[in-house]
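Peer 1: Take this structure, written in structure tokens, and hold onto it; I'll ask about it next.
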Amino acid sequence: MHRLQDARGNPRAADCLINDTLNPGRQGEHLTARPVGRFAPSPTGLLHLGSLLAALASYCDTRNRHGLWQLRIDDIDGPRSMPGSAEAIQKTLESLGFEWDGPILWQSQRLERYHAALQTLIDQRLVFACQCSRKSLPRGEIYPGHCRARLIDSFPVADHALRVHLSGKCSFVDTIQGLQEFDLSRDVGDSIVWRRDGLVSYALACAVDDADKVSHVVRGADLLAGTGAQLGIIKALRLTPPEYAHVPVLLDANGDKLSKHSLARPVDDSDPLEILHRAWLILGQQPLAACDTVSDFWQQAIPAWQMSRVPRTRQITV
Ligand SMILES: [Zn+2]
């Protein structure tokens, strides 16, 4: 398989080949030479082992590159948020010794930016109003483009979702999962950017924030499928995509995803070293010497981190 490579022969991530209608501009440069990683939990529950893997991998990857690490709370979906959960996640991260740079970025405080991005897409005649109900669409299938002709000039449109027309091919090299290729029409479809209930979509907010603020996205492989839509949006906005690495998702012994939604037990931070070592080993890293404190752990872990040791699979059963 042909692999995208940079001048030094390294695989080049997030090279998105999208047709000229969508992407007349050339790919820009990252705004900062210093790598920026992030952990971006939704405040819909407590931190569980699966999300800790993503946090730990992102943190080690970023610090190993001497980069900046951002904590972002993806709290635009107010109705799904659990009161107190953002604070609880923050507290658990602190007790595990994570240190983020700068203030926490709350998506709920970035609505103006998302609205500006949406208007940019509208101005490019890419956004249409859609009133299709979930029931009227074939379940689990790609949106068939029913309402594509209903282009809009401004938003919101009462009682309608807004979708962005995505087409063309898109590929990137995921640092863990390898080459990913999407045909945006066939595999992704016209992504919702504005929900019928008046909220900006996760895909739009996440795409904008990652492109604006982050150079290296490390997150769970359950989000790999959504990367096509996010890259399509980033390219339509003529922003520079980050590099992506998707760590395996944890499955329990029954084969169910360990997630906040399946009553996975929250991370027990009463023994932070035990849980950090456990996550470290699940990520395929070489065992560390015994440590007495979490700062000992990080002092060993950060220089020892090897992304190439993370299992190249989408799922791990624990
Ligand atoms: Zn529709």
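Values in this text are rule-based calculations from the coordinates and carry no lab data. Not measured: the values here are computed from a predicted model. Note that each Cβ is placed from the backbone with ideal geometry, even for glycine, and that neighbours are counted across all protein chains shown.
Peer 1: Mean-square fluctuation check for the chain, GNM, Cα pairs under 10 Å: which of Trp69, Trp194, Trp106 is largest?
Peer 2: Result for the chain, Cα springs under 10 Å: Trp106 fluctuates most.
Peer 1: Using each residue's phi in region 74-85, evaluate 6.51 cos²θ - 1.76 cosθ + 1.60 at θ = phi - 60° and report the 3J(HN,Hα) Karplus result to the nearest Hz, with x for Gly and Pro.
Peer 2: 7, 10, 6, 8, x, x, 8, 5, 9, x, x, 6
Peer 1: Any chance you could give the angle, 0 to 90 degrees and rounded to 10, that helix 272-282 forms with the longest Cα principal axis of the chain?
Peer 2: 60 degrees
Peer 1: How big is region 148-221 in terms of Cα radius of gyration and Dmax, in angstroms?
Peer 2: For region 148-221, the Cα-based Rg and Dmax read 14.6, 42 Å.
Peer 1: While we're on this one: Which of the peptides 235-242, 79-86 is most tightly packed, and how do the rest follow, going by the mean number of other Cβ atoms within 10 Å of each residue?
Peer 2: 235-242, 79-86
Peer 1: Out of the trypsin sites (Lys or Arg not before Pro) in region 82-141, which ones are loop residues according to DSSP with at most 13 other C-beta atoms within 10 Å?
Peer 2: Arg125, Arg139
Peer 1: Go ahead and estimate [θ] at 222 nm for the chain from helices alone: -39,500 (n - 2.57) per DSSP H run with n ≥ 4, summed, over the residue count, rounded to 500.
Peer 2: -8000 deg cm²/dmol
Peer 1: For region 71-140, which GluC sites (Glu not before Pro) are in a loop by DSSP, counting at most 14 other Cβ atoms within 10 Å?
Peer 2: Glu99
Peer 1: Further, regarding this structure: Based on C-alpha coordinates, I'd like the Rg and Dmax of the chain, in Å.
Peer 2: 19.8, 63
Peer 1: May I pose another question? Would you give the gap between the C-alpha center of region 49-121 and the C-alpha center of region 235-250, rounded to a whole Å?
Peer 2: The distance from the Cα centre of region 49-121 to that of region 235-250 comes to 15 Å.
Peer 1: May I ask you to derive the FRET efficiency for Glu181 and Glu274 from their Cβ-Cβ distance with R0 = 45 Å, giving the value to the nearest 0.05?
Peer 2: My answer for the efficiency is 0.65.
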